[in-house]
Amino acid sequence: MSAPSDDGRGTPDVVFVSHEATRTGAPLMLLYVLRWLRDHSELRFEVLLLEGGAIEADFAAVAPTTVVADIGPGRLDGVARRFGAHRLADRLHERRRRAALAPLRGASLVYCNVLESLAALPLLDPGPPDRVVVTHIHEMRAAFRALAPAARAQLRRSDRFVAASDLVRELAIDHFGIDPERIVRHYECIDVEALHATPPPAEAVEAARRSCGIPVGAPVVGAVGVTGWRKGPDLFVLLADHLHRREATRDVHFVWLGADPEAPETRSLRRDVERAGLADVVHFVAPEPAPGRWFALFDVFTLTSREDPFPLVCLESSLLGTPIVCFANTGMAEFAGEGECGFMVDYLDVEAMAARVTDLLEDPDRRAEVGRRASERVQREFDYRVAAPLLAADIERWRPRR
Amino acid sequence: MTDPARLLVVHHGAERTAEGVAFVDLVAALAETGERRVEVLLFAGGPLVEDLARVAPTTVVADLPRWSPDALAERALFALRRPAAGYRRRARRLGLDRWAPGDAVYLHGLLGVQVLRYLPTDGPAVVCRVAEGEVPLLHSVNPADLALLVARVDRFLPVTAAGRRELVEEHGVAEARARRIRDLVVPVDDRFPGSGRSLADRRAELGIAPDAVVVGSFGATSLDPTDVTAVVWALLAGRADVPPVELLWAAARTPAGFWMEHDLHHLRRGGAAHGVALGEELDAAMGLCDVAVLLTRAGHCPHGFLQAAASGVPVVCFEGNELADVLVADARDDVVPFLDVGAAADRLAGLARSLRAGGPDRAARALIEGVRQRYGPAAAVAAITEAVAEVAPR
């Protein structure tokens with residue numbers, strides 16, 4: 001029998017742990033899956049967030065949600081800290097957090113949604129002896145390298161793994177030493193219906209165009225992401241520079257959406273763009289909560305990431321019928337193929353990427369054809385209504401029977 | 001006849017690195033001018049101490065007796081929390097208390113900053129070089145010494161524009177007190193610095209084929225120029241009729257090092273090129289290259305690339321880099337427009353082809369001459385002597 005928690009709800013079957021609730025790929029994908037589970041399964045589950053974020057309320061609307069960072073210090077910890085007894089204060093704070101999470105401890109399955117969320121496992125100890133830990137790997141080498149030691153130490157406790165793409169699965173086996181029998185691939189997914197239901201108004205798209213000074217009719221090459229080096233915004237600038245040197249593509253504009261204007265990388269990129277004489281055609285745009293109008297503005301979507309498991313922004317762009325061009329060493333290459341739903345080029349070959357972009361811009365029929373196939377495939381395979389039941393079936397299969 | 005005024009040259013140590021060898025050359029050149037009686041103060045020793053001692057009286061702080069009555073008295077003062085008295089005693093032990101306002105102290109880098117703790121405030125004038133890797137200053141100097149540095153140094157000689165900018169804008173140093181000088185460069189010796197192995201042996205150890213053209217670069221502190229360099233290497237692999245090329249990268253353990261390892265991993269996997277990551281053997285890196293790529297956004301030319309150029313290695317760089325000014329007519333093709341990675345790859349391919357066919361000797365000779373004229377010891381001595389004369393007139 002499940003022990004009742006403080007507010008009377010029973011012990012959950014599954015605790016889903018997310019490192020944060022930002023509007024980024026991994027938390028969004030988890031949110032979609034949880035919505036499906038709420039509506040279509042009997043599973044009792046709760047959400048544990050290490051940090052909050054913009055979609056925290058969305059998680060709370062789906063299931064009881066606890067944010068570890070919000071479990072602040074108590075009076076005793078405060079007193080201890082004031083007297084300089086920091087170690088004691090830390091222990092008292094840890095005890096408070098563990099007490100707050102006690103109702104979750106009986107869960108028979110803990111689902112850690114990214115590697116970083118493995119750090120929550122000690123807070124949920126001791127669990128039932130037959131507890132199963134599942135880790136969803138959305139990361140590649142750079143993120144693994146930056147993984148906090150606390151989370152890294154918990155990796156061996158995971159019984160099952162979910163990889164965000166075949167490339168991630170391959171990497172997990174070769175690089176992280178994970179047993180191939182214990183890891184399955186489930187591609188990321190998006191909410192197709194919601195995106196279809198809220199198309200950006202034409203005026204909003206035009207306003208976006210005007211805000212960058214892009215003339216009507218000028219082709220736009222887009223990219224979306226933070227300006228950290230992993231996402232390759234510098235390669236996007238090299239791509240723009242290469243295209244701009246050619247007569248045929250001199251009027252093309254380049255928009256990078258998601259550039260925090262205060263980030264040092266953004267400032268450095270702006271300096272590059274100015275010095276290269278590209279300031280009129282390369283635009284770094286700050287992140288927006290509803291970025292649909294920008295996606296609608298793009299004629300071609302480029303993914304210049306140095307590594308990326310399977311970014312949702314590519315699915316969102318493809319859903320609109322905008323073909324993607326990416327490097328072959330990203331998970332998105334599995335979707336793009338060689339002209340099926342987009343194009344992939346050798347890693348770092350910005351000339352080849354520029355050639356693909358030029359081909360697509362110069363051939364609207366081909367662009368439309370590739371875009372249509374990409375859109376259909378997203379609706380067919382990457383809507384959470386299609387993808388979540390497959391993942392849910394695996395979760396059900398792995399969950400200990402009681 | 002009175003004794004000539006003195007110049008104390010301060011450095012952290014005397015390692016057998018390219019920079020260490022350049023330092024010995026500099027001290028010798030300063031002594032040869034005869035303008036001042038040169039003495040050297042090192043904090044740590046090293047294999048080049050004897051070479052230095054041959055050109056000027058040299059004192060090594062680390063070699064001071066540890067158990068003499070003076071040393072024990074000095075330690076007692078620090079233990080009793082009387083650091084000012086402790087430093088005064090240290091100054092006496094080093095003979096620095098006898099240095100007068102007409103004398104001068106030249107710090108060859110920020111690692112020598114601790115000497116300022118011992119110098120009397122009304123003592124000799126101080127000139128301080130700020131080397132390329134010593135910016136930002138706070139990474140090189142603790143806050144207390146930094147405050148002392150800003151207050152006590154009469155003339156800063158930063159080798160980069162970034163260094164000068166930081167001094168003026170962030171530390172309030174008057175513009176007139178910070179004058180940019182050119183870096184000091186010596187050609188890469190055929191002996192791998194510190195190891196006694198020849199560069200040819202080192203190439204063989206790294207598995208570099210004897211007939212391969214080695215295209216090298218390095219980045220010790222940031223992603224710039226890691227990112228652009230990797231792209232150019234990838235493009236180079238796709239150029240027609242390029243002879244076997246080995247890519248060589250040296251980087252300290254930084255994010256740049258991680259991304260370059262990542263990129264080399266992919267370039268190797270794709271069969272596009274082979275790569276050799278040299279870890280922290282930065283000094284040797286340029287000596288192992290046949291061609292170097294300097295695709296940095298910054299305007300200054302890092303020491304290793306100057307060394308390469310001074311040794312006759314062609315360096316492909318972006319317009320706007322200071323090296324572009326040195327690449328005289330014969331090597332002008334090695335300068336490509338900013339961010340034009342395609343042009344850089346084309347130029348590298350051309351250089352690789354011509355090197356295999358006998359090498360661009362004329363350009364290399366012009367390059368050697370240009371770099372040595374601008375960055376050799378004579379230019380450095382002139383800049384230091386001028387600064388010293390201004391702050392410590394005799």
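The values are calculated or read from the model by the stated rules, or taken from the named source; none is laboratory data. Keep in mind the model is a prediction, meaning the values are calculated, not measured. Note: ideal-geometry Cβ built from the backbone for every residue, glycine included; neighbour counts use all protein chains shown. Just the protein is used for accessible areas: all its heavy atoms, side chains included, with ligands, DNA and RNA removed. Shrake-Rupley method; radii C 1.70, N 1.55, O 1.52, S 1.80 Å.
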Within region A:225-245, restricting to residues that are assigned to a helix (DSSP H, G or I) and more than 8 Å from chain B (Cβ to nearest Cβ), the one that is surrounded by the fewest Cβ atoms within 10 Å (Cβ to Cβ) is A:Arg230
Got at least one residue in region A:148-159 being more than 13 Å from A:Leu115 (Cα to Cα) and of a type outside the set (Gly, Ala, Ser)?
yes
Just a yes or no: is a residue in region B:73-90 surrounded by 18 or more Cβ atoms within 10 Å (Cβ to Cβ), of a type in the set (D, E, K, R) and touching a Gly at 6+ places or on another chain (Cβ under 7 Å)?
yes
Which listed residue, of A:Ala80, A:Ala120, is under 21 Å from A:Gly10 (Cβ atoms), in the same structural domain as A:Pro27 (by TED's automatic domain parsing) and open to solvent by less than 20 Å² (accessible area, probe 1.4 Å):
A:Ala120
Name the one entry in B:Ala349, B:Ala344, B:Ala364 that is over 19 Å from the mean Cα position of the chain (by Cα) and surrounded by fewer than 20 Cβ atoms within 10 Å (Cβ to Cβ).
B:Ala364
Please find, within region A:38-64, the residue that is farthest from the chain's Cα centre (by Cα) out of those that are among the hydrophobic types (A, V, I, L, M, F, W, C) and farther than 18 Å from A:Val14 by Cα.
A:Ala57
Matching residues, region A:324-374, being touching a strand residue (DSSP E or B) at 6+ places or on another chain (Cβ under 6 Å) and aromatic (Phe, Trp, Tyr):
A:Phe343, A:Tyr347
Pairs under 9 Å by beta carbon, first residue assigned by TED's automatic domain parsing to the domain that holds A:Ala26 and crowded, with 19+ Cβ neighbours inside 10 Å in region A:144-163, partner charged (D, E, K, R) and part of a strand (DSSP E or B), six or more apart or different chains?
A:Val162/A:Arg185; A:Ala163/A:Arg185
Selection status of A:Pro287, more than 10 Å from chain B (Cβ to nearest Cβ), part of a loop (DSSP other than H, G, I, E, B) and either at positive phi or in contact with an Asp or Glu (Cβ under 9 Å, 6 or more places away or on another chain) (or both):
yes
Residue identified as more than 25 Å from B:Asp103 (Cα to Cα) and either within 34 Å of the chain's Cα centre (by Cα) or in contact (Cβ under 8 Å) with a residue 40 or more places away in the chain (or both) among B:Leu48, B:Leu72
B:Leu48
The one condition in (1) under 30 Å from A:Leu121 (Cβ atoms); (2) within 14 Å of chain B (Cβ to nearest Cβ) that A:Phe161 fails to fulfil
(2)
State all residues of region A:42-55 that are surrounded by 20 or more Cβ atoms within 10 Å (Cβ to Cβ) and farther than 21 Å from A:Gly106 by Cβ; if no residue qualifies, say none.
A:Ile55
On the basis of being at pLDDT below 80, open to solvent by less than 20 Å² (accessible area, probe 1.4 Å) and over 18 Å from the mean Cα position of the chain (by Cα), does B:Gly304 make the cut?
no
So for region A:170-185 (the condition being within 25 Å of A:Thr24 (Cα to Cα), within 14 Å of chain B (Cβ to nearest Cβ), free of Cβ contacts under 8 Å to residues at least 12 places away in the same chain and in a helix (DSSP H, G or I)), does at least one residue qualify?
yes
Only one of these conditions is not met by A:Phe16: (1) of a type in the set (Phe, Trp, Tyr); (2) touching a residue at least 60 places away in the same chain (Cβ under 8 Å); (3) surrounded by fewer than 20 Cβ atoms within 10 Å (Cβ to Cβ). Which number is it?
(3)
A:Ala279 being outside any helix (DSSP H, G or I), open to solvent by less than 70 Å² (accessible area, probe 1.4 Å), in contact with a strand residue (DSSP E or B) (Cβ under 7 Å, 6 or more places away or on another chain) and assigned by TED's automatic domain parsing to the domain that holds A:Thr227
no
Could you tell me whether A:Glu362 is open to solvent by 10 Å² or more (accessible area, probe 1.4 Å), away from chain B (no Cβ under 14 Å) and in contact (Cβ under 8 Å) with a residue 24 or more places away in the chain?
yes
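Conditions tested, residue by residue: (1) modelled with pLDDT under 85; (2) within 20 Å of B:Val313 (Cβ to Cβ); (3) at the interface with chain A (Cβ under 9 Å from one of its Cβ atoms).
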{"residue": "B:Leu236", "(1), (2), (3)": "no, yes, no"}
{"residue": "B:Leu247", "(1), (2), (3)": "yes, yes, no"}
{"residue": "B:Arg253", "(1), (2), (3)": "yes, no, no"}
{"residue": "B:His265", "(1), (2), (3)": "yes, no, yes"}
{"residue": "B:Ala273", "(1), (2), (3)": "yes, yes, no"}
{"residue": "B:Ala277", "(1), (2), (3)": "yes, yes, no"}
Residue within region A:306-315 that is surrounded by fewer than 22 Cβ atoms within 10 Å (Cβ to Cβ) and of a type outside the set (S, T, N, Q) present:
yes
Residue list for region A:164-175, filter: farther than 21 Å from A:Leu109 by Cβ and either out of contact with any Pro (no Cβ under 7 Å at 6 or more places or on another chain) or open to solvent by 10 Å² or more (accessible area, probe 1.4 Å) (or both):
A:Asp166, A:Leu167, A:Glu170, A:Leu171, A:Ile173, A:Asp174, A:His175
Tally of residues being open to solvent by 10 Å² or more (accessible area, probe 1.4 Å), out of contact with any Phe, Trp or Tyr (no Cβ under 9 Å at 6 or more places or on another chain) and at pLDDT 90 or above across region A:124-143:
9
Scanning region A:246-268 for residues that are within 16 Å of A:Arg356 (Cα to Cα) and within 14 Å of chain B (Cβ to nearest Cβ), which turns out most open to solvent (accessible area, probe 1.4 Å)?
A:Arg246
Failed condition for B:Gly207, given (1) assigned to a loop (DSSP other than H, G, I, E, B); (2) open to solvent by less than 40 Å² (accessible area, probe 1.4 Å), with all others met?
(2)
Residues in region B:312-339 that are surrounded by fewer than 21 Cβ atoms within 10 Å (Cβ to Cβ) and facing chain A (nearest Cβ under 10 Å) total 4
Quick check on my filter: what residues within region A:320-331 are more than 14 Å from chain B (Cβ to nearest Cβ), among the aliphatic types (A, V, I, L, M) and surrounded by fewer than 23 Cβ atoms within 10 Å (Cβ to Cβ)?
A:Leu320
Please name all residue pairs, on different chains or six or more residues apart, with Cβ atoms under 6 Å, provided the first residue is in region A:87-114 and is in a helix (DSSP H, G or I) and the second residue is loosely packed, with under 15 Cβ neighbours inside 10 Å.
A:Leu92/A:Leu76
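Can you tell me which residue in region A:332-359 is most open to solvent (accessible area, probe 1.4 Å), limited to those that are within 14 Å of chain B (Cβ to nearest Cβ) and assigned to a loop (DSSP other than H, G, I, E, B)?
The qualifying residue most open to solvent (accessible area, probe 1.4 Å) is A:Asp346.
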